Every structure is written in structure tokens, then in C-alpha cells.
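A short worksheet on the structure shown next.
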Amino acid sequence: MLVDAHCHLGDRAFEADRDAVIERARAAGVAHVVAIGESLAGSEKAVGLARSQRGLSATVGVHPHEAASWSADVAARVRELLAAPEVVAVGETGLDYHYEHSPRDVQRRVFEAQLGLAAELGKPVVVHARDADEDMAAMLRGWGGEKGGVVLHSFSSGADVWEAGMTIEAYFSFSGMITFKNWHPAVPLTNYPANRLLVETDSPYLAPVPHRGKRNEPAFVREVAERAAALCGEHLETLSHRTTENARRCFGSRLETAL
Ligand SMILES: [Zn+2]
């Protein structure tokens, strides 16, 4: 049994065949999928999906690419949606200085706001980090959430962010990137605490080998888990069991419902 801890299931890429995608995930041994909200509209969509079936949860938040869309009205609606029982985390939020679709200062302010919301509500927060190691490490170190956790999604940052994550006992979620030939981790997987590892697809993006270049989907979390197990020197069953337990601890009992 596997959990896909990060999937953009509401994405347009799944519009034509979402039911078949879910069916293939179930057939591949995926028990639960966390559907990510990356904008207000995307969050509404993710909540709707999670409401429509067991084995799905939603997150609600605004991605750094969309940070410029943050406003008092958006913040109020985000807060409202976070009260729904299907919603297990804030995010995805964070910093992306690679694409810089929103100005950096706006990204920091909107990330700070969502970190605050998560801490206040005692929910975990799903964090995206790209080419922003210095600011990311500093902001994580300043994070004041005691009850929720931090999930560093599709983790590929450097040693600084890894260290900050270790300090605040973050979860490190690995995506199909770990199957790529050119993936060189700053810190080997054997150095991560076993109770902090998660696996995800980030679908429809980042399809793992041998699906690279195609649309990604939750069923492929199996390939990610296989590679993670190899990198950890463990059996797939052990790693699957452990990452599923970790996801349940991180996101809560809703994760016990199965597709
Ligand atoms: Zn994502």
C-alpha cells in the first residue's frame, strides 16, 4: 500500500480520464492520494475531488508562481476551506526563484502568511522550494508551528535546506526526480530519518523513469518508491509501509481511507 503525498489531480491534464487514472492508481496499490491546491481555483477543485471520494484528501494554498494573486479575500477563502474535513494541509506554498513568476518579496510575504496560517490552525504545510535555498532555510528555521508539520515536497534542495528541515523535523517527500540519471542528492537518502520520508508523484509533472517525458499519474508513485527503496538499501515493502505510516502521521486519520 502506497500514498501519493503530492498530486495535482485537479489539473486539466486529468480532465478527460480522471476516473481511469484513479482506477489505475488503485490497481497499482496506491491507497491514498493527496490532491494539491496550487491556487484558489485549484484548491476549490481539489476540495471538490476529495469530497467526492474516499482515498482522496486535499490541500489548500497558493503556489509561489501564483503568489501575486494573494489578497485579503483569497486569504479569507483559504481559511474557510481549511476548515473542511477533507483538507489535510496548507499549501502548496513556498519560494521559487528559478521561474520567478511572482516577485521574490511577494513570494516571501505570501509564504510567511501561509506558514502562519498552518501554525495557527495546527495543520501541516506543503512547501515548494526551488533555487531559493538561503531564504528557504532561514524561513524554515523561523517557522513556529508546533502541532502541524512541514513537508518539503519533491525535495531536491541543498544541504542548507536539508539541515533546516532536520532542525524543525520536517518531512522530506521524494518525487520521480530521484529516478533521473542526472539526480545528484546533496545528502544521501540513508541520512534522512526513516520516520520523515514520504513519496509522491507531483503528477502530472515529473514522470519517473521509465515514463519520463509523458504525463505523470499517481500509479507511478510505485516507481518512485522502488527507487527510494534502492537508495535506502531496503525492500520495497518496508519502504512502502513506512512512507504510508509517515503520511498518516503527518496528514492525519483521513489518510486511512482508501481509494
Ligand atoms: Zn506540486
>> Give me the dipole magnitude in Debye, nearest 20, for the stretch 161-259 about the Cα centre, with unit charges on the beta carbon: positive for Lys and Arg, negative for Asp and Glu.
In response: 240
> At q = 0.17, 0.18, 0.24 Å⁻¹, what base-10 log of I(q)/I(0) does the Debye formula yield for the stretch 54-142 when every alpha carbon is treated as an equal point scatterer in vacuo?
Replying inline: -0.65, -0.73, -1.18
> Relative contact order for the stretch 56-112 using alpha-carbon pairs under 8 Å, separation at least 6, rounded to a whole percent?
Replying inline: 49
> Please state the Cα pair-distance histogram of the chain with 10 angstrom bins from zero: what percent is in each bin?
Replying inline: 8, 34, 40, 17, 1
>> Eigenvalues of the Cα gyration tensor times 5, then square-rooted: what semi-axes does that give for the stretch 122-179, in whole angstrom, largest first?
In response: 18, 14, 9
>> Could you work out the percent of alpha carbon pairs in the stretch 58-108 separated by over 13 Å, rounded to a whole number?
In response: 56
> Taking a probe of 1.4 angstrom, what is the accessible area of Glu15 in Å², to the nearest 10?
Replying inline: 90
>> On the principal axes of its Cα set, how long, how wide and how thick is the stretch 173-221? Give whole Å, largest value first.
In response: 31, 22, 13
> Under a plain spin-label model, where a point goes 7 Å from the Cα along Cα-to-Cβ, how far apart in nm are Ala27 and Ala138?
Replying inline: 5.0
>> Hydropathy at least 0.0 by Kyte-Doolittle, axial extent at least 15 angstrom from the Cα trace: which helices of the chain, defined as entire DSSP H runs, fit?
In response: 40-52, 221-232
> So which of Lys45/Lys181; Lys123/Lys214; Lys45/Lys214 end up more than 27 Å apart by C-alpha?
Replying inline: Lys45/Lys181; Lys123/Lys214
> What value does the stretch 166-259 have for Rg/Rh, both radii from Cα atoms and Rh as Kirkwood defines it?
Replying inline: 0.95
>> Can you give me the orientation-averaged projected area of the convex hull built on the Cα atoms of the stretch 66-219, in nm²?
In response: 9.6
> At a probe size of 1.4 Å, how large is the accessible area of Val62, to the nearest 10 Å²?
Replying inline: 0
> Which one of Leu197, Val126, Ala258 is farthest out on the positive end of the charge dipole of the stretch 124-259, using unit charges on Cβ (Lys, Arg +1; Asp, Glu -1) and the Cα centre as origin?
Replying inline: Ala258
> For the stretch 137-259, what's the relative contact order in percent, using C-alpha pairs closer than 8 Å and at least 6 residues apart?
Replying inline: 22
>> If I take every Cα pair under 8 Å that is 6 or more residues apart in the chain, average their sequence separation and divide by the length, what percent do I get for the relative contact order?
In response: 22
> What's the FRET efficiency of His241 with Asp19 using the Cβ-Cβ distance as r and R₀ = 25 Å, to the nearest 0.05?
Replying inline: 0.35
> How much length is gained if the chain between Ser52 and Glu120 is pulled fully straight, taking 0.36 nm per residue apart and subtracting their Cα-Cα distance, in nm to one decimal?
Replying inline: 21.7 nm
> In whole Å, how far is the Cα centre of the stretch 223-243 from that of the stretch 1-77?
Replying inline: 24
> Given 0.36 nm per residue, what is the gain on full extension from Thr190 to Ala72 after removing their alpha carbon distance, in nm?
Replying inline: 38.2 nm
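The values are calculated or read from the model by the stated rules, or taken from the named source; none is laboratory data. On a predicted model such as this, the values are computed, not experimentally measured, just so you know. We place every Cβ from the backbone using ideal geometry, glycine too, and count neighbours over all the protein chains shown. In case anyone asks, the SASA skips ligands and DNA or RNA and just uses the protein heavy atoms, side chains included. Shrake-Rupley method; radii C 1.70, N 1.55, O 1.52, S 1.80 Å.
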